Amino acid sequence: MLMTTENGIRLSYNDFGDGPPVLLLTGTGAPSSVWDLYQVPALRAAGFRVITMDNRGIPPSDDGAGGFTIEDLVADVAALIDYLDAMPCRVIGTSMGSYIAQELALACPELVDSVLLMAACGKSSLVQRVLAEGEAKLIEQGTELPPGFLAAIRAMHNLGPATLADDDLTGDWLDLFEAAGPWGPGVRAQLLLSALPDRLEAYRAIKVPCHVVSFEHDLVAPPAAGLELASAIPGATFRTVPGCGHFGYLENPEAVNRELIRFLRTESRETLGETA
């Protein structure tokens with residue numbers, strides 16, 4: 001489904017079922033369909049209305065070829081929540097999606113019931129900033145790396161050691177990464193945003209309930225960075241899911257889904273008619 005914001009930005013979204021609304025926000029370069037195999041069915045079965053969206057830069061949402069800011073992405077999410085009458089909304093993000101969710105909780109707390117932040121941090125490491133800027137430069141220059149090589153780099157960057165040690169499983173991932181094809185100008189803009197400045201001090205003003213979930217072998221947002229983020233947000237809780245990398249919600253979906261539902265039910269018991 002498509003909506004157009006007041007400033008003319010086209011946003012693609014899906015809205016599944018009824019119940020307390022939960023919005024899922026993807027990471028850099030990822031379409032909303034990444035949630036469809038594991039998270040959408042689990043959350044629907046748990047009694048939630050599940051909303052997914054393609055961030056600006058991911059067609060069929062606006063391609064973002066002219067560039068955009070984190071404030072633009074936050075405004076997009078706020079517009080969608082308002083359009084779908086989904087406030088207050090429980091928001092789950094991963095990677096760049098967590099960055100959007102963090103800033104949404106800070107800028108528009110009235111729209112947010114609670115926030116769960118996966119593969120998240122309050123500032124990016126130097127190597128992550130250099131890598132993101134380098135990938136963005138390759139896109140800007142039109143440099144096309146061999147598809148197999150690019151898939152291998154993405155696998156090393158996002159998967160945990162158990163996955164990478166299994167050649168059959170890794171082969172499936174390599175096929176998936178290669179089939180996704182090269183990234184375009186919209187993802188270039190996302191890459192430039194995915195390298196966070198130091199926002200830890202600002203996040204001390206977040207008032208909505210937050211839970212940070214790190215993945216044990218995440219090289220992009222390691223558990224130490226997740227704990228640092230949780231420590232900055234008043235009242236935030238923290239958990240590490242073992243045995244997976246940056247794509248932990250796909251590598252270990254059973255453990256991740258248990259964590260999501262546990263947190264959402266804790267924050268939503270009255271709405272769901274549950275008791276403590």
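The values are calculated or read from the model by the stated rules, or taken from the named source; none is laboratory data. Source: prediction; values computed, not measured. Don't worry about glycine lacking a Cβ; one is built from the backbone with ideal geometry, like all the others, and counts go over all protein chains shown. Each accessible area value is taken on the protein alone, full model and side chains, heavy atoms only, with ligands, DNA and RNA left out. Shrake-Rupley method; radii C 1.70, N 1.55, O 1.52, S 1.80 Å.
General observations
- Cβ charges +1 (Lys, Arg) and -1 (Asp, Glu), total dipole of the chain, debye: 600 debye
- Subtracting the Cα-Cα distance of residue 201 and residue 169 from 0.36 nm times their residue separation leaves 7.5 nm of extension gain.
- Per residue accessible area of the chain, 1.4 Å probe, in Å²: 43 Å²
- The length gained by stretching the chain between residue 110 and residue 254 to full extension, at 0.36 nm per residue less their Cα-Cα distance, is 48.7 nm.
- Accessible surface, 1.4 Å probe, highest first, among residues 144, 71: 144, 71
- Over the chain, dividing the summed -39,500 (n - 2.57) contributions of all DSSP H runs of at least 4 residues by the number of residues returns a 222 nm mean residue ellipticity of -13500 deg cm²/dmol.
- Tail beyond 31 Å, pair distance distribution of the chain (Cα, percent): 20 percent
- Only the Cβ atoms of Lys and Arg (+1) and of Asp and Glu (-1) were treated as charged; on that basis the dipole of the range 182-276 about its Cα centre amounts to roughly 220 debye.
- Rg over Rh [alpha-carbon atoms, Kirkwood Rh] for the range 81-215: 1.03
- DSSP beta bridge pairing in the chain, given as percent antiparallel to the nearest 5: 25 percent
- Carbon plus sulfur fraction of accessible area for the chain, probe 1.4 Å, in percent: 56 percent
- Accessible heavy-atom area order of 35, 183, highest first, probe of 1.4 Å: 183, 35
- Taking Cα centre as origin and charging only the Cβ of basic (Lys, Arg, +1) and acidic (Asp, Glu, -1) residues, the dipole magnitude of the range 153-237 rounds to 680 debye.
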